[in-house]
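I have placed the structure first, in the form of structure tokens, so that the comments after it can refer back to it.
A short reminder: the numbers here are calculations on the coordinates, not readings from a lab. As the structure is a prediction and not an experimental result, all values here were calculated from the model. Because the Cβ atoms are built from the backbone with ideal geometry, glycine has one as well, and the counts that use them run over all protein chains shown.
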Amino acid sequence: MAGMSQEQMAEGMKGWGVWAESCGEGLVDMGTPLAGGLQLSSEGSSPSGQEVTGYSVIQAENMAAAEAMMQGHPHLGMAASCTIEIHEALPLPGM
């Protein structure tokens, strides 16, 4: 969205608002765009090779329900190469 006017950005975000509304209470955290990641190891850090561009936190009964919530997400309509990954949050062992 770099270089876009406020009006253009607002127009571009309309799809996210529609998607968020369709998720209802299942959308726990709308999230935010991401950039400039680091990959850390015991030897130090380097720029991340992953192209993670944002995140959202949803709550669903199961993975099928989570997948259904992603239908109509505007990111999937941006380009054929755009993807969404869904990961389950697991409880910490012993907690």
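Distant-in-sequence amide contacts of S48, defined by a placed amide H-H separation under 5 Å and a gap of 5 or more residues or a different chain, comprise G37, L38, Q39. Amide H contacts of Q59 (H built 1.01 Å from N, in plane; Pro and chain starts excluded): L27, V28 sit under 5 Å, all sequence-distant by 5 or more or on other chains.
For region 34-42, backbone phi angles converted through the Karplus equation (6.51, -1.76, 1.60; θ = phi - 60°) give residue-by-residue couplings of 10, 7, x, x, 10, 9, 9, 9, 5 Hz, Gly and Pro being listed as x. The GluC sites (Glu not before Pro) of region 1-69 that DSSP puts in a loop, and whose beta carbon has at most 15 other beta carbons within 10 Å, are E43, E51, E61. Full extension of the chain between E21 and A65 gives 14.3 nm of extra length, using 0.36 nm per residue less the Cα-Cα distance. Residues of region 12-35 with an amide N closer than 20 Å to a point placed 7 Å from the Cα of V52 along the Cα-to-Cβ direction: 27-35.
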